[in-house]
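Q: First, the structure itself, so that you have it in front of you.
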Amino acid sequence: MERSKRCIVIGAGHAGAQFALSLRQEGWAGKIIVIGDEVRLPYHRPPLSKSVLAGEKSAEDILIRPSAVYEKADIAFRLATRVESIDREKRQVALDSGERLDYDRLALMTGSRARRVALPGADLAGIHYLRSITDVAQIKKDVVADRPAVIVGGGYIGLETAAVLRRAGMQVTVVELMERVLQRVTAAALSAFYQRVHTEEGVKILCNTGVEAFVGSGHVSEVLCSDGSRLPAELVIIGIGIVPNVELAAAAGLKVDNGILVDEFARSSDHNIVSAGDCTRHYNRLYERWIRLESVQNASDQARIAAMTLCGKEKPYEALPWFWSDQYDLKLQIAGLSQGYDELITRGDKDSGRSLAAFYLKGGVIIAVDAINRPTEFMLGKRLIMNKAKVDKDKLADASVPIKALLE
């Protein structure tokens with residue numbers, strides 16, 4: 001690999017960090033420059049809504065790698081810097097400083113951003129989104145015990161932050177527009193489980209409820225709901241999903257459709273440009289459809305594939321999607337994608353306790369598993385999914401039958 005070659009990486013998140021290190025490990029001898037719009041080196045984002053918000057971990061604690069690792073790999077960073085445009089013909093990127101950098105290969109690891117609301121009062125102080133460590137620092141200023149907090153959105157971010165704020169002594173209400181929490185990502189049994197646990201912890205959950213406006217004089221004091229009710233609020237966190245950062249790619253003429261379209265080798269429609277992570281959409285062979293994944297696992301695994309591709313070691317991306325969420329003493333581990341399931345089998349009691357596993361089947365084949373405080377079901381569930389296994393449903397539903405027996 002020529003030492004004169006230069007690869008520019010746009011995005012200093014999970015995908016960008018993994019890609020840069022993997023690129024060097026796979027034999028890229030040229031320059032590697034990572035451009036990121038934050039002032040910090042790449043850090044883990046999942047802890048932001050959990051241990052960082054709770055004050056249990058610092059910014060230093062969640063670095064993906066210490067600076068010495070990048071220095072040893074001869075990876076350069078341009079932080080607090082934005083790329084304004086990409087010129088594919090000249091193979092250049094234009095920075096917000098006016099500087100232009102040449103590239104031989106380009107990696108778009110641009111990630112995603114929090115979906116924002118356009119409602120009256122949305123710019124009041126005390127209203128926050130949670131996507132960066134800077135966001136968490138601002139939220140912490142409004143965390144005061146016994147004060148009212150409203151979480152807009154009953155997805156993973158909403159419920160994770162609700163758990164942390166409740167443990168901090170705040171009076172927490174979650175407002176969810178849909179019929180149940182986690183409706184977009186899990187079955188009704190799991191939604192009921194989480195609603196029960198949060199209610200037991202003192203969180204108030206309002207489903208089938210929209211937000212019309214935020215009220216306050218300088219600082220938010222109330223949330224006006226679609227049913228006309230008003231919720232007192234001195235802290236509001238909005239967690240209604242994310243938006244892939246595809247604008248650079250689209251402006252450069254790359255193919256974009258709910259994500260930067262990439263092939264099984266993480267190549268964009270311009271084969272000098274690879275992409276990985278939240279910003280991409282790829283065809284998944286296991287599920288036989290195009291998907292865009294929002295997970296650390298996808299960002300890291302796909303970034304490794306992208307690095308191999310640029311080093312001439314093409315390997316198709318075939319990793320099984322998996323995710324996790326921590327709330328109170330609950331560790332949820334998810335393997336596979338449950339969309340399109342036609343049967344649900346659970347192990348455990350959703351109406352009591354804090355342990356449950358849900359297996360999603362389609363045509364009798366396990367396609368996904370949600371495991372709450374059940375690591376064995378998670379690990380073995382992954383194998384069952386990859387093997388496209390058909391199992392004895394009665395044994396699967398019987399928690400007294402070891403899950404390992406289903407592999408036989």
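Q: Amide H to amide H under 5 Å from residue 290: which residues, 5+ apart in sequence or cross-chain, H placed 1.01 Å off N in plane?
A: 284
Q: To continue, here is another question. Counting only helical runs of four or more DSSP H residues, what would the 222 nm mean residue ellipticity of the chain come to if each run contributes -39,500 (n - 2.57) and the total is spread over all its residues?
A: Numbers: 9 runs with 88 residues, N = 408.
That calculation yields -6500 deg cm²/dmol at 222 nm.
Q: Near the amide H of residue 241, under 5 Å away, which other amide H atoms are found, from residues 5 or more places off or on another chain, if H is placed in the peptide plane?
A: Here 115 satisfy the definition.
Q: Let me ask something else. Compute log10 of I(q)/I(0) for the range 10-158 with the Debye formula, placing one identical point scatterer on every Cα and leaving out solvent, at q = 0.13, 0.15, 0.19 Å⁻¹, to two decimals.
A: -0.72, -0.89, -1.20
Q: Moving to a separate point now. Mind listing the long-range amide H neighbours of residue 210? Cut-off is under 5 Å, sequence gap 5 or more, other chains count too, H placed in the peptide plane at 1.01 Å from N.
A: Close amide H contacts, sequence-distant or interchain: 226, 227.
Q: Could I ask something else about it? Identify all lysines with a Cα-Cα distance to residue 315 below 29 Å; exclude those on the same chain that are fewer than 8 residues away in sequence.
A: In chain and number order, the partners are 5, 31, 72, 90, 255, 362, 382, 388, 390.
Q: Could you give the C-alpha radius of gyration of the chain expressed as a fraction of 2.2 N^0.38 Å, taking N as the number of residues it contains?
A: The value comes to 1.04.
Q: Still on this model: Report the Rg/Rh value for the range 1-72, based on alpha-carbon coordinates and the Kirkwood definition of Rh. Working shown, then result.
A: Details: Rg = 14.0 Å, Rh = 13.3 Å.
Answer for the range 1-72: 1.05.
Q: If you plug each phi of the range 358-367 into the Karplus form 6.51 cos²θ - 1.76 cosθ + 1.60 with θ = phi - 60°, what whole-Hz ³J(HN,Hα) values come out, in order, with x for Gly and Pro?
A: 10, 10, 9, 10, 9, x, x, 9, 6, 10
Q: Can you pull out the trypsin sites (Lys or Arg not before Pro) in the range 176-278 that DSSP calls coil and that have at most 15 other Cβ atoms within 10 Å?
A: Values: sites: 180, 184, 196, 204, 230, 255, 267; in loops: 180, 184, 255.
Hits after loop and neighbour filter: 184, 255.
Q: Mind listing the phi-derived Karplus ³J(HN,Hα) values for the range 83-91, rounded to whole Hz, using 6.51, -1.76 and 1.60 with θ = phi - 60°, and x for any glycine or proline?
A: 8, 8, 7, 10, 10, 5, 5, 8, 6
Q: What FRET efficiency would be calculated for the residue pair residue 247, residue 101, taking the C-beta separation as r and a Förster radius of 30 Å, to the nearest 0.05?
A: Numbers: r = 19 Å, r/R0 = 0.63.
E between residue 247 and residue 101, to the nearest 0.05, is 0.95.
Q: Could I ask something else about it? Please work out how much length the chain gains when fully extended from residue 272 to residue 84, using 0.36 nm per residue of separation minus the C-alpha to C-alpha distance, in nm with one decimal.
A: Working: separation 188, 0.36 × 188 = 67.68 nm, distance 1.88 nm.
Length gained between residue 272 and residue 84: 65.8 nm.
Q: Residue by residue, what Karplus-based ³J(HN,Hα) values in Hz, rounded to whole numbers, does the range 323-337 have, using 6.51, -1.76 and 1.60 with θ = phi - 60° and x for Gly and Pro?
A: For the range 323-337, the Karplus-derived couplings read 9, 8, 8, 10, 9, 6, 9, 9, 10, 8, 10, 10, 10, x, 10 Hz, x marking Gly and Pro.
Q: Given a 1.4 angstrom probe, what's the average accessible area per residue across the range 106-146, in square angstrom?
A: Details: 1960 Å² over 41 residues.
Averaged over the residues of the range 106-146, the accessible area is 48 Å².
Q: Using label points projected 7 Å from each Cα along Cα→Cβ, tell me how many nm separate residue 74 and residue 226, to one decimal.
A: 5.7 nm
Q: Could you work out the percent of alpha carbon pairs in the range 257-408 separated by over 29 Å, rounded to a whole number? It would help to have the intermediate numbers written out before the result.
A: Values: 2984 of 11476 pairs.
The proportion of pairs with Cα distances above 29 Å equals 26 percent.
Q: If the cut-off is 22 Å between C-alpha atoms, which lysines fall inside it for residue 204, apart from same-chain ones fewer than 8 positions away?
A: Leaving aside lysines fewer than 8 places away in the same chain, those within reach of residue 204 are 50, 140, 331, 350.
Q: Can you spot the aspartates and glutamates whose alpha carbon is less than 13 Å from residue 141's alpha carbon? Ignore those fewer than 8 places along the same chain.
A: The reachable aspartates and glutamates, counting only those whose Cα sits under 13 Å from residue 141, are 234.
Q: Let me ask something else about it. State, as an integer percentage, the relative contact order of the range 276-330 based on alpha-carbon contacts under 8 Å between residues 6 or more apart. Each step should come with its number before you reach the end.
A: Working: 57 pairs, mean separation 17.5, N = 55.
This gives 32 percent for the range 276-330.
The values are calculated or read from the model by the stated rules, or taken from the named source; none is laboratory data. Every value quoted in this text rests on a predicted model; they were computed, and no experiment measured them. Cβ sites come from the backbone with ideal geometry, for glycine too, and all protein chains shown count toward neighbours. Heads up: the accessible areas ignore ligands, DNA and RNA and are worked out on the full protein's heavy atoms, side chains in. Shrake-Rupley method; radii C 1.70, N 1.55, O 1.52, S 1.80 Å.
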